[in-house]
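Notes to accompany the following structure.
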Amino acid sequence: MQEYIDRLPDSLRAVADELDSEFERLLVESSSLAFRVAFSVLRQREDAEDVAQEAFIKAHRNFRRLRERASFRAWLVRLTWRLALDRQRANRRRVSRDAEHNRHRPTIDNSDPALASERSALVWQAIDALPETLRLPLVLSGIEGHDVREVASLLGLPEGTVKSRLFKAREKMKESLKWMMPSSTGR
Amino acid sequence: MDDAELDRALKATLSVSPSPEFVAKVRTAVAADVSVPSMSRWLVPAVAVALVGVLAIALTNPDPRPAPQTDMRPGRFAGVDIVLPSAAASRPKARPIDPVPVARNPARHAHIRHPARRDERAFEVIFSPSDAEAYRRLFSSVGSMPYELSGEVIAEDNAIAAIDFAPIVIEPQRDFSLDKGVFQ
């Protein structure tokens, strides 16, 4: 018995080390995914990194209680998406308050290189026009080339539901971009 | 716009990458979060919220009572007037609140007694004037008698000199059969 008690701290330490190494591996694998999900909502690199970092901290706090490690990415995506939406609402409230004090300043920061081109700005406008149920599947399908099955796994939805949502989202995007980019329709 | 063009536009738009030091920043933040005890994450804000709440209540609802007196003489403490028995005896008693309206004719409502004074009423027995003197003598003699009322004492103190009995007449029994009509 004493032998097991003496060995207990070592075994616990081994489990903790194993969990830390597993989290480290998932952090490296999923950092771009979390950042892109946050960026698709916030459009600002600093805010997106802050939100993705917050999501990883929350994920690490609850990592030991996560039974299915395979669903970590799906869990992280949903957590990041919710945190990004919360940050976006807070930013909008702050921007509206600032706009009351200083109306001549632009309320949207377009200094990020990703938004520099006019084409990207138009695509973002079309994405923003989508309802939330269509936006996240479209963003996830555009990030890292996820297919329908992977998007369904990330969102915890049936593949048929994701397929129909992606179809509707793409149709709306095409309709929006047809008016936004008339030059591309004539080619 | 066809599907291929839309895919290219989406890929170009969404292919943003975090800064190279992003992973390192996350590692540092996670390590800093681990060093903080888990209880302090909610205990410190909870204590702060509780203190703010107590202060807000104290500031918005000041105590309307006057400040407690510093006079520590016997019978006077923290604004409460404690009356000692000697002082209470010399002080006139406060009249109890009368549930009956004050504006009334005292002569007309003399029979109405206050409920609190109901217990103070003496027990009253009404005798006929002819028996009053006899009862008065009886009670006065009983009051002066010793408490142990033995048979001898009662016999000695019996002041009745003579007892007059009515004459006893013994008659033959009547025949009740003659009274049938009366009970039927």
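The values are calculated or read from the model by the stated rules, or taken from the named source; none is laboratory data. Note that the coordinates shown come from a computational prediction; the quantities given were computed from them, not determined experimentally. Here Cβ is always computed from backbone atoms with ideal geometry, including for glycine, and neighbour counts include all displayed protein chains. When the accessible area is computed, the model is the full protein with side chains, heavy atoms only, and any ligands, DNA or RNA have been set aside. Shrake-Rupley method; radii C 1.70, N 1.55, O 1.52, S 1.80 Å.
Measuring with a 1.4 angstrom probe and ignoring ligands and nucleic acids, residue B:128 comes out at about 50 Å² accessible. Within the shell of other residues whose beta carbon sits under 14 angstrom from the beta carbon of residue B:11, the net charge comes to -1, with Lys and Arg scored +1 and Asp and Glu -1. Think of the stretch A:20-62 as a dipole: +1 on every Lys or Arg Cβ, -1 on every Asp or Glu Cβ, centred on the Cα centre; then among A:40, A:52, A:21, A:40 lies furthest on the positive end.
A 1.4 Å probe over all protein chains sorts B:168, A:57 by accessible area into B:168, A:57, starting with the largest. Ligands, DNA and RNA aside, residue B:7 has an accessible area near 70 Å² when probed at 1.4 Å.
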